[in-house]
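Novice: The structure follows.
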């Protein structure tokens, strides 16, 4: 049996204070590494410095500036950049919220990769009808976002990218058994000046968060050249996640899970089991999943450990 590979470690520190205008300002420092536990060696290093001001200019705007740095050990690729965004959040009644904003990203890469700029206005929407955000028994969660990059004037790429997600939760009649279903889909396509798309904005599938039982980024059409750790990516994803959940008592529970993912003609599906240790802020999750398509004879599944349900 293989444990999810690579294993990620992250350390974050947050500093905040009130400025002269009585606005809250935050500075967040994040460092991390990914380790191949089979070789006992690091595969990448990460660092980011982020500044946030939740009440920018006293207009209920949110502003953030970020400096991300990444180094891929295996491919000897060093990436860095700069990103900034200004957003306007607003509420849509008791269960809904939305955010309109725009972001600017400058991406640079040494020893391989293309340097480019992106300007992306975007709009997202969240409708949350769950009875419990940590461990829902019934209800639904709907998310959607659309980005329009470039607009034929700003940045180096013109493209439209959207994604939509719906999760549904329900009990089996009046029993303690529950089922949860998640559907995810999206699309990205160029227009205007562009006939190609930046790799980091394409969709990826495989592993935690999409189709368990597979390596990260392992489902999809192969790229002509790997960019950092991404060797497969595509334009049109479709994902189905289904879980049957059962609490044994107030502390422990178990899950039967089924995942399916499709990306530009490539697909994968898996099944597995999970254990849950329930806490006041959500369950500690231990999942084991086995790929059911194109599985290697030596593959005994993969294990995932995290806090909270995957969806």
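The values are calculated or read from the model by the stated rules, or taken from the named source; none is laboratory data. The structure displayed is predicted, hence computed values, not measured ones. Methodologically, a virtual Cβ is constructed for each residue, glycine included, from the backbone with ideal geometry; neighbour enumeration extends over all protein chains shown.
Novice: For residues in the range 224-237 being assigned to a strand (DSSP E or B) and surrounded by 15 or more Cβ atoms within 10 Å (Cβ to Cβ), which is modelled with the lowest pLDDT? Even if it seems obvious, please write down each step before you answer.
Specialist: The initial filter retains those residues of the range 224-237 that are assigned to a strand (DSSP E or B), namely 224-227, 230-232, 234, 237.
Subsequent filtering for residues that are surrounded by 15 or more Cβ atoms within 10 Å (Cβ to Cβ) retains 226-227, 230-232, 234, 237.
On the way: 226: 79, 227: 76, 230: 84, 231: 88, 232: 95, 234: 97, 237: 98.
Selected residue: 227.
Novice: With respect to the numbered conditions (1) in a strand (DSSP E or B); (2) closer than 23 Å to residue 280 by Cβ; (3) modelled with pLDDT under 95, which one is the sole condition not fulfilled by residue 133?
Specialist: For residue 133, the exception is condition (1).
Yes or no, residue by residue, for (1) at pLDDT 80 or above; (2) touching a helix residue (DSSP H, G or I) at 6+ places or on another chain (Cβ under 9 Å); (3) surrounded by fewer than 16 Cβ atoms within 10 Å (Cβ to Cβ):
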residue: 15; (1), (2), (3): yes, no, yes
residue: 20; (1), (2), (3): no, no, yes
residue: 26; (1), (2), (3): yes, no, yes
residue: 48; (1), (2), (3): yes, no, no
residue: 51; (1), (2), (3): yes, no, yes
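Novice: Can you pull out every residue in the range 268-305 that is over 19 Å from the mean Cα position of the chain (by Cα) and either at pLDDT below 90 or outside any strand (DSSP E or B) (or both)?
Specialist: 280, 281, 292, 293, 294, 295, 296, 297, 298, 299, 300, 301
Novice: Based on what the data block shows, is residue 79 under 19 Å from the mean Cα position of the chain (by Cα), closer than 30 Å to residue 47 by Cβ and not in a loop (DSSP other than H, G, I, E, B)? Spell out the reasoning first.
Specialist: On the way: under 19 Å from the mean Cα position of the chain (by Cα): no; closer than 30 Å to residue 47 by Cβ: yes; not in a loop (DSSP other than H, G, I, E, B): yes.
Against the criterion (under 19 Å from the mean Cα position of the chain (by Cα), closer than 30 Å to residue 47 by Cβ and not in a loop (DSSP other than H, G, I, E, B)), residue 79 does not qualify.
Novice: Would you mind stating whether residue 94 is over 20 Å from the mean Cα position of the chain (by Cα) and part of a loop (DSSP other than H, G, I, E, B)?
Specialist: Details: over 20 Å from the mean Cα position of the chain (by Cα): yes; part of a loop (DSSP other than H, G, I, E, B): yes.
For residue 94, the condition - over 20 Å from the mean Cα position of the chain (by Cα) and part of a loop (DSSP other than H, G, I, E, B) - is met.
Novice: Within the bounds of the range 145-167, is there any residue that is farther than 30 Å from residue 280 by Cα, in contact with a strand residue (DSSP E or B) (Cβ under 7 Å, 6 or more places away or on another chain), free of Cβ contacts under 8 Å to residues at least 24 places away in the same chain and outside any strand (DSSP E or B)?
Specialist: no
Novice: Which condition number in (1) at pLDDT 95 or above; (2) over 16 Å from the mean Cα position of the chain (by Cα); (3) farther than 28 Å from residue 118 by Cα is the one that residue 221 fails?
Specialist: Evaluating residue 221 over (1) at pLDDT 95 or above; (2) over 16 Å from the mean Cα position of the chain (by Cα); (3) farther than 28 Å from residue 118 by Cα leaves (3) as the failure.
Novice: Can you tell me which of (1) at pLDDT 90 or above; (2) out of contact with any strand residue (DSSP E or B) (no Cβ under 9 Å at 6 or more places or on another chain) is the one residue 128 doesn't meet?
Specialist: For residue 128, the failing item is (2).
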